[in-house]
1. Could you work out the pair-distance distribution P(r) of region 364-494 from its alpha-carbon pairs, with 5 angstrom bin width and percents rounded to whole numbers?
2. Counting Lys and Arg as +1 and Asp and Glu as -1, each charge on the Cβ, what is the dipole of the chain about the Cα centre in debye, to the nearest 20?
3. Could you size up the charge dipole of region 214-362 around its Cα centre, putting +1 on the beta carbon of Lys and Arg and -1 on that of Asp and Glu, and report it in debye to the nearest 20?
4. Using the scaling law 2.2 N^0.38 Å as the reference, what is the normalised Cα Rg of region 455-507?
5. Going by amide H atoms built from the backbone, whose H comes under 5 Å of the H on Gln376, apart from near neighbours?
6. State the antiparallel share, in %, of DSSP beta bridges confined to the chain, rounding to the nearest 5.
7. For the chain, list the DSSP H helices whose alpha carbon atoms reach 18 Å or more along the long axis and whose average Kyte-Doolittle value is -1.0 or above?
8. Give me the percent relative contact order of region 299-443, please, defined on Cα pairs under 8 angstrom at least 6 residues apart.
Amino acid sequence: MKKPNILFIMSDDHAYQAISAYDDRLLRTPNIDRIAEEGMRFTNACVTNSICAPSRATILTGKHTHIHGKIDNRRQFDTSQVTFPQLFQKAGYQTAMFGKLHFGNNPKGVDDFMILPGQGNYINPRFITPKGDTTITGYVTDIITDLTIKWLDEKRDKDKPFLMMYLHKAPHRPWWPSPEKFAKFSKRSFPEPATLFDDYSNRGTAAKTAEMNLYEHMMYGHDSKIRPETLEEMGEVLPDVVEFKNGFYGPYNRANEDQKKLYDPILDSINNDFKENWPHLSKEDKMRWKYQRYMQDYLGNISSVDDKVGRVLDYLDEAGLSENTVVVYTSDQGFYLGEHGWFDKRFIYDESFKTPLLIKWPEQIKAGSVNEEMVQNLDFAQTFLEIAGIESPSDMQGESLVPLLQGKDLNWNREAVYYHYYEYPAVHMVKRHYGIVTKEYKLVHFYHDVDEWELYDRKRDPNELNNVYKNPDYKEIVEKLHVQLDELRIKYQDSEELDQMYIDTYK
């Protein structure tokens, strides 16, 4: 029997709220939706640590961040860790990776690669390759797709199965769309989330002190596409967001003159609107203005991703590969699209913690299936290995999703997942915390410079606005979850000693 190919598609910071298979209020994503329509959509897929590099390391190793050691975006990845592409390569699969890895410059177990250094660039990006660095003219989402299709069409051995990792930079900050998407989306307006003006009452210190509020912390040039000369002309612009004030020139200055000519009319339109209207807006309307600018750019990026995913799916169909290829679409974590007034991620709260997960596997997954079980990026490695018939190492900590994919939910016995976030103090100032999440409840411990517990009733309070940890009606639930959390900490080999070690070595 022929071994199945695996196409793993991952975007960066793609919120599930911005996929119409989950929610069509913001955007239509017909191509990504095709994977759900032909396969399975997971509604409780989540991450172990909502931040880019640690999430990617977890996906590669099948281990929690405190085990593989990549707890944040700062420290080096331990290259002695075994990654699932190495096991695929050893088993005779062809392996390739194109796009954003985020760490390292020589991915192990990959026959061919072209990866962005660090975060990479949207315009005329530089790539690290086995033969040295190269810069390619164009828009990053288009380029990564071209490289992926070219490898599938021209470079692979058609007699061998493949593992292809097709990894988009978009829609990561600074949310710089292609010229055609920029022109289209800069004219659109989008519905506001119900919690855009959240005041964080009945929440703890962490929510109140995080630095990712759209009004207070979203940069003008870096995020809103306001030219530095516009800010200088206007004088004092409140709120005074100092950091990255001239970040506008990062993506823009990578553009050549022909590319700038495509962007300039749209940028001029945005800047003229800013000059004319910003001084007269109330604080509340300034928040709304920033939200709309954020959505225009963020969703414009995703629209490009959706188009290009469609190109790759069409190629699989045309090349006769679809019937024997497992296609996975996910993100390295969730993202806030104005919920609670925020952008970014990091928290265990749902918009950050949950991630899109769509999988199609012809003849194995019933088309249009929906699964509500608690699954994590921790499970990806073992899932792919089982699909390919490759034995997984005993030190991987996830569980294969194959029983769920095949509709055998009775063979799945996980009730809760474990989460742990470490990067503090750092950008966005989200405090360290760990917690347990079930379908019904979420128990969280914020620690380090605070000692606060939060409990959310996920069914009655889906927006997570009311911390009921001290509510006597939840006393038995709190006690039960504390026991379960302690058990998960032991199961996954996490501890107070490790917490303190990572605090001590972080300074």
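1. 2, 9, 15, 18, 17, 15, 11, 8, 3, 1
2. Roughly 840 debye for the chain.
3. That gives a dipole near 200 debye.
4. Working: Rg = 14.8 Å, N = 53, 2.2 N^0.38 = 9.9 Å.
The reported ratio for this selection is 1.49.
5. Cys46
6. Around 50 percent of the beta bridges assigned by DSSP in the chain are antiparallel ones.
7. Values: long enough: 257-277 (30 Å, -1.48); 283-318 (52 Å, -1.22); 475-491 (24 Å, -0.48).
Result, helices passing both filters: 475-491.
8. In percent, rounded to a whole number, it is 16.
The values are calculated or read from the model by the stated rules, or taken from the named source; none is laboratory data. Not measured: the values here are computed from a predicted model. A quick note on method: Cβ atoms are made from the backbone with ideal geometry, for glycine too, and the neighbour counts reach across all protein chains shown. Just the protein is used for accessible areas: all its heavy atoms, side chains included, with ligands, DNA and RNA removed. Shrake-Rupley method; radii C 1.70, N 1.55, O 1.52, S 1.80 Å.
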